[in-house]
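All remarks here apply to the structure that follows.
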Amino acid sequence: QVQLVESGGGLVQAGGSLTLSCAASGSTVSISTIGWYRQAPGMQRELVAAISFGGSTDYADSAKGRFTISRDYAKNTVYLQMNSLKPEDTAVYYCNSRFRSYVYWGQGTQVTVSS
């Protein structure tokens, strides 16, 4: 079992920055791929960025150059640094953990970008 707790969401003006945190706990956390997904109203949930247990990263095209995902193994925490935020980044952001067939989700944190 893995527990994921997101924090750091909020309201920010366009062009601003936010850093989301995902605190993870559980026996497989250190060997899991951790990802950030987002879901806007009426839209499907989509991958924003992910980082493997080895530190390899993957980004959605919309996040490249603006967002950075990082991982603190000592704290079992994954961060999503978001810069140059746009109104279209407004969504609920979810943390996700994947190891083989085991998939877990956090409760989500709201990010709202005003124009």
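The values are calculated or read from the model by the stated rules, or taken from the named source; none is laboratory data. Treat the numbers as computed from the prediction; the structure is a model and nothing was measured. Cβ placement follows ideal geometry from the backbone for every residue including glycine, while neighbour counts extend to all protein chains displayed. The protein model used for the area step is the full one, side chains on, heavy atoms only, and it has no ligands, DNA or RNA in it. Shrake-Rupley method; radii C 1.70, N 1.55, O 1.52, S 1.80 Å.
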For the chain, which whole-number percentage of the solvent-accessible area (1.4 Å probe, protein heavy atoms only) is attributable to carbon and sulfur atoms? 50 percent
Mind putting a number on the dipole of segment 48-115 about its Cα centre? Charges go on the C-beta only, +1 for Lys and Arg and -1 for Asp and Glu, and I need it in Debye to the nearest 20. 180 debye
Please calculate the 1.4 Å probe accessible area of SER115, with all protein chains present, and give it to the nearest 10 Å². 140 Å²
Isotropically averaged projected area of segment 31-72, using the convex hull of Cα atoms (one quarter of hull area), nm²: 3.3 nm²
To the nearest 20 debye, what is the magnitude of the charge dipole of the chain about its Cα centre, counting +1 on the Cβ of each Lys and Arg and -1 on the Cβ of each Asp and Glu? 160 debye
Going by the alpha-carbon gyration tensor, a ≥ b ≥ c the square roots of its eigenvalues, is the chain rounded (a/c under 1.5) or, if a/c is not under 1.5, prolate (a/b greater than b/c) versus oblate? prolate
Which whole-number percent gives the relative contact order of the chain, counting Cα pairs below 8 Å spaced six or more residues apart? 36 percent
Segment 1-114, accessible area per residue, ligands and nucleic acids excluded (1.4 Å, Å²): 51 Å²
